[in-house]
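Notes to accompany the following structure.
The values are calculated or read from the model by the stated rules, or taken from the named source; none is laboratory data. Computed from a predicted model, the values in this text were never measured in an experiment. Glycine also receives a Cβ, built like all others from the backbone with ideal geometry; neighbour counts cover every protein chain displayed.
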Amino acid sequence: MSDISCSNCQACCCRLEVILISETGVPERFIETDQWGGQTMARSDDGWCAALDRSTMSCSIYEKRPFICREFEMGGYECIAERAANE
């Protein structure tokens, strides 16, 4: 597989459920709260993260992205596995 970089990222991780477990400053409009008080990133009707800028396939809140998104390393094992699963 070719090297993964910002220029060829497929944003596969932006289709995963993201549970908010720490405060990073995610704007309220991107947060959904379930009936038990659990918070996740909101999703668009087609399943993509609501914070994804579809014109650039980049995160529109990168500096305030959730902790889980910060830990999901571009080109890491999880990234490569998600890309393979979506091919």
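The set of residues in segment 60-87 being over 17 Å from residue 48 (Cβ atoms), in contact (Cβ under 8 Å) with a residue 60 or more places away in the chain and part of a loop (DSSP other than H, G, I, E, B) consists of 74, 75.
In the condition set (1) part of a loop (DSSP other than H, G, I, E, B); (2) modelled with pLDDT under 90; (3) aliphatic (A, V, I, L, M), residue 26 is compliant with all but (2). Residues considered: 56, 40. Of these, the only one that is polar (S, T, N, Q), free of Cβ contacts under 8 Å to residues at least 40 places away in the same chain and outside any loop (DSSP other than H, G, I, E, B) is 40. Within segment 21-37, the set of residues being on the phi < 0 side of the Ramachandran plot and either without any contact (Cβ under 8 Å) to a residue 12 or more places away in the chain or aliphatic (A, V, I, L, M) (or both) comprises 21, 23, 26, 28, 31, 32, 33, 34, 35, 36.
Residue-wise test of (1) closer than 24 Å to residue 3 by Cα; (2) over 12 Å from the mean Cα position of the chain (by Cα); (3) surrounded by fewer than 15 Cβ atoms within 10 Å (Cβ to Cβ).
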| residue | (1), (2), (3) |
| --- | --- |
| 17 | no, no, yes |
| 23 | no, yes, yes |
| 32 | no, yes, yes |
| 60 | yes, no, no |
| 76 | yes, yes, yes |
